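The values are calculated or read from the model by the stated rules, or taken from the named source; none is laboratory data. These numbers come from a predicted model, not from an experiment. Glycine gets a Cβ as well: all are built from the backbone with ideal geometry, and neighbour counts include every protein chain shown.
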Amino acid sequence: MKPTPSPSSHAGSAEPEFALDVHPDYRRRGLYALWFVVVSLVALLLVPLLLERRVAELRGEIAEVAQPARLLTVQVEVTAAWEAAALRGYLLTGDQRFLDMYVRARQDERHVFTRLHPLVARLGGALPARYLEVRELAPLWHASPTALLEGRISPEEYARTLPQQQELYTRITGAAVRLDGEIGRVILQRTARIRSLERVGLVLTAILVLVALASAMLVARLVLAQ
C-alpha cells in the first residue's frame, strides 16, 4: 500500500498565484471620468481663445469702423455748414473767395462720402439706408449753388431760392444727425455684446474648472478603490 502524500508536501513546492481583478464597473467609470478630465482641459484652452477672438473682433469693429464712421458723419454736418456760410458770404459781399471756399468744402464733402460709404456697409443694419438718405439729399442741396457757379443763374436768382436751400440744409443736416445717432446705437450694442461675452467667459471657465476638478477627484477615488 502506497503512502498518501500529505497536503503539506505539495504546499511547500507549489508557487502562489495572484490575479489583479478589476471590476468592469470601476474600469468604465474611470474611463468616463478620465474622458471628462480631458474634455474639460481642452475646453479650458479653446473656450477662452474663441471668446477672446470674438471680443477682439468687436473691439476692432468699434475702433476701426464705427468710430471713424461717426467722425466722418460729423464732417458731413461741418462741411454743409461751411458750404452754407460760404454761399451767404458771397451773396452779402460778392467776393469770389467765398465761392472758392464753397468749392473746397464741396470737394471735402465728396471725399467724406467716399470714405464713409464702405464703413456703413460693413456695419450693416439700418446704417446703409441712413447713409443713402444723406447721400441722395446732397445733389438737391448743391443744385442751385452749382447753377450759380456755372453762370446759369444770377446771384439775385439764387437769392430767391434761399428758402428752399434752407429747407434742404435742414433736411441734410438732420439726416446726418440721424445717421450719427444710428452709429452711436451700433457702438452701444457692440459694447454690450463685449461685456456679455466677457461674463459668459468667466462663467464657462469656472464651470469647466469645477468639472475638471470633480472628474480628476473621481479618477483618483476609483484608482484608490482598486
Neighbours by Cβ (under 9 Å, 6+ apart or cross-chain): first from segment 164-193, farther than 13 Å from V76 by Cα; second not in a helix (DSSP H, G or I): E182/G125; E182/A126; R185/G125; R185/A126; V186/G124; V186/G125; V186/A126; Q189/G125
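Only one of R130, R171, R160, R185 is of a type in the set (K, R) and buried (at least 18 other Cβ atoms within 10 Å of the Cβ); which? Step through it out loud before you land on a result.
Values: R171 fails: buried (at least 18 other Cβ atoms within 10 Å of the Cβ); R160 fails: buried (at least 18 other Cβ atoms within 10 Å of the Cβ); R185 fails: buried (at least 18 other Cβ atoms within 10 Å of the Cβ).
None of the others qualify; the one that does is R130.
Mind counting the residues in segment 91-146 that are farther than 28 Å from R160 by Cα and among the basic types (K, R)?
At the first step, the residues of segment 91-146 found to be farther than 28 Å from R160 by Cα are 111-132.
Subsequent filtering for residues that are among the basic types (K, R) retains 115, 122, 130.
Total meeting the criteria: 3.
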Conditions (1) over 27 Å from A192 (Cβ atoms); (2) of a type outside the set (S, T, Y); (3) surrounded by 20 or more Cβ atoms within 10 Å (Cβ to Cβ); (4) in contact (Cβ under 8 Å) with a residue 60 or more places away in the chain: number failed by E109: (4)
Hey, Q96 closer than 17 Å to A147 by Cα, surrounded by fewer than 16 Cβ atoms within 10 Å (Cβ to Cβ) and modelled with pLDDT under 95 or not: yes
